[in-house]
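Chemist: Dropping the structure in here first, questions after.
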Amino acid sequence: MASSSSSSRSFKYDVFLSFRGEDTRKSFVDHLHTALQQRLIRTYKDDITLPRGESVGPALLKAIDESTIAVVIFSKNFAVSSWCLDELLYIMKCREEMELTVIPVFYDVDPSDVRKQIGEFGKAFAKQETENVTKAELWRRALVAASNISGWEPKNVSNGYEAAVIQNIIDVISDKLLSSNSDIDEELVGMTDRVKDLISRLEIGTGGLRIVGIWGVGGGGKTTLATSVYMKINDHFQGHCIVDNIREESSKHGRTTLQAKILSTLLKTEVRVQSEEEGKCLIKSRLCHSNVLILLDDVDDCKQLEALAGSHQWFGDGSRIIITTRDEHVLRTQKVDHISPVTLLSQDEGIRLFKKHAYNEEEPLKNYGILALRVVSYAHGLPLALKVLGSFLYDKDEKEWMSTLDRLKDIPDTDIVKQLKISYDGLKKVEKELFLDIACFFRGHPKDNAMEIFEACGFHPDIGIKVLIQKALITIDRRGKFDMHDLVQEMGHYIVRGEHPDNPKCKISARSDLQDRIMNDIM
């Protein structure tokens, strides 16, 4: 009945409840079941879920097979029922063979009584032992194994208040369900190796606080990578939280809203923050002893990090912070432990990602392979461009593909430009001028020669060039020449043309004449 591996199992239920009905059906189990339903957790409880007319035994065993988690509620009279013991035996078998998660709850019974079969629990088991000699040893092993699993003793949690205990159990179940679905999505092209590398940089389990930043050009896959890692490792922490779109949210609602989100999510209760300083104090005082995982996505200002993760002393031992940004400077000022430059897709990865969005199986394009290669070459490994163009071209014919490719030579896609231009918009005026000059004239030229021209123009280029590099807008190649991503350069040309829409060559010509005059003066 059981499958040989968890990967081939079909999960119909999130939780299977195993319990002795006469002890807990109308009390603890009823309250637990209600709370699970309210959280939209699919739960199997035999008196409610069992279809009429089915044999009890096979239906229950099948439900265990189809569940992600089994919650076993041990009570004093649990062992009175041979059926409960058989059910436990099968649950523990599924735990061993199919990685079923088992959560024991010791309701009005001590775990040691279950483990050693003593006390009131032991008396009930002794009766079963005399009546079922052949099964007694198997039951005993299952009881020992289950009682050795870290579980819940309601009488010792939240001063025994049942509602609070159940809420804690529900929170743990929710976290386990989230982590059980956190394997790297196979459709996320190129993520497997990148995720493994970043996880190794986080050094989970080594203690202390470790902050890792993911830095790179807009649309390069930073958020996808960070989220994939977060989903893969969040079950290692007492609490976890994603704060996304920080650049935009901070601008619209302020940093106190983001502080409140972190506190409310990790403390599992609504927290209001009156001021930024209060938020800093609350994060430090409430989380300094907690092992947490926090993802801070799209940070673009040092003040955001100061407000959300201002010090290594704010979080408890073993905590991990992941930051994504387009600006390396914000990571340097925060003194992060490791910076991972985002790696763009290889040509093979680009082809796979593009096909995922562009290939139409119902109406396949005759020359799809050739045309797809042109698009992939144009995108130059940028995931955003491959997704945007792939989705746009999905239902287009060959003539329309050709028209799109021709148009891109003169007019880049506005959705792609919009994302890339975010970094440009954050520059000072002199830095914008520097970037446009490099995009229009100096890509592929030696840095040293260009710097003389920039100095003559009064750009004070040393600091400006540093800023452009940190914002992932330009690079210096091994030969000491200026370089940048093709689409970033195209974005620069788009901006220059936009300054003179009626005569797009005017601005470039004017800039070119200026550079020529300065070059002649220097020479």
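Chemist: In square nanometres and to one decimal, what's the mean projected area of the convex hull around the Cα atoms of the range 6-179? Spell out each step's value before the answer.
Modeler: Details: hull surface 39.7 nm².
Result: 9.9 nm².
Chemist: Given the -39500 (n - 2.57) contribution per DSSP H run of 4+ residues, what per-residue ellipticity at 222 nm results for the chain, rounded to the nearest 500 deg cm²/dmol? All intermediate terms of the calculation are to be shown ahead of the outcome.
Modeler: Numbers: 26 runs with 291 residues, N = 523.
Rounded to the nearest 500, it is -17000 deg cm²/dmol.
Chemist: FRET efficiency for Lys466 and Gln274, Cβ-Cβ distance as r, R0 = 22 Å, nearest 0.05?
Modeler: 0.05
Chemist: Around Arg255, under 13 Å between beta carbons, what's the net of Lys plus Arg minus Asp minus Glu among the other residues? Please report the intermediate quantities before stating the final value.
Modeler: Details: positive: Arg247, Lys252, Lys261, Lys280, Lys303; negative: Glu248, Glu249, Glu276, Glu277, Glu278, Asp300, Asp301, Glu306.
Spelling it out: positives minus negatives among the neighbours equals -3.
Chemist: Which lysines, on any chain, are close to Lys62 with Cα under 23 Å apart, when same-chain ones fewer than 8 places away are left out?
Modeler: Lys12, Lys45, Lys93, Lys135, Lys176
Chemist: Using the Kirkwood formula on the Cα atoms of the range 290-410, what hydrodynamic radius do you get, in angstrom to one decimal?
Modeler: Hydrodynamic radius (Kirkwood, Cα only) of the range 290-410 equals 17.3 Å.
Chemist: Hey, of (1) 85, 30, 18; (2) 37, 28, 20; (3) 59, 28, 18, which did the structure itself give for semi-axes √(5λ) of the Cα gyration tensor in Å when calculated?
Modeler: Only one listed value fits the structure, namely (3).
Chemist: Would you mind pulling out the separation of the Cα centroids of the range 268-318 and the range 441-481, in Å?
Modeler: Using only Cα atoms, the two centres lie 37 Å from each other.
Chemist: Below 17 Å, Cα to Cα, which aspartates and glutamates can Lys447 reach? Residues fewer than 8 away in the same chain don't count.
Modeler: Glu431, Glu433, Asp437, Glu455, Asp462, Asp477, Asp483, Asp516
Chemist: Extending each Cα 7 Å along its Cβ direction at Thr134 and Ser174, get the distance between those two points in nm, one decimal.
Modeler: 4.7
Chemist: Also, quick follow-up: Counting other C-beta atoms within 10 Å, and keeping those with at most 16, which DSSP coil GluC sites (Glu not before Pro) do you find in the range 258-319? All intermediate terms of the calculation are to be shown ahead of the outcome.
Modeler: On the way: sites: Glu270, Glu276, Glu277, Glu278, Glu306; in loops: Glu270.
Here the GluC sites (Glu not before Pro) that fit, given the DSSP loop and packing criteria, are Glu270.
Chemist: What whole-number value in cubic angstrom gives the convex hull volume per residue for the C-alpha atoms of the range 182-341?
Modeler: In the range 182-341, the Cα convex hull volume per residue is 105 Å³.
Chemist: Over the Cα atoms of the range 322-377, what radius of gyration and what Dmax do you get, in Å?
Modeler: Cα only, the range 322-377: 18.0, 53 Å (Rg, Dmax).
Chemist: Next question. Separation between the Leu405 and Ser251 pseudo-spin-labels, each 7 Å from Cα along Cα→Cβ, expressed in nm?
Modeler: 3.5
Chemist: For the peptides 454-462, 483-491, what is the packing order when you average, over each peptide's residues, the other Cβ atoms within 10 Å and list the highest mean first? Don't skip to the end; give the middle numbers.
Modeler: Values: 454-462: 15.3, 483-491: 21.4.
Most protected by this proxy first, the peptides run 483-491, 454-462.
All of the numbers you see were taken from the coordinates with simple rules; none came from a lab. Because the structure is a prediction, the values reported are computed rather than measured. Positions of Cβ are generated from backbone atoms using ideal geometry, with glycine treated the same way; all protein chains shown enter the neighbour counts.
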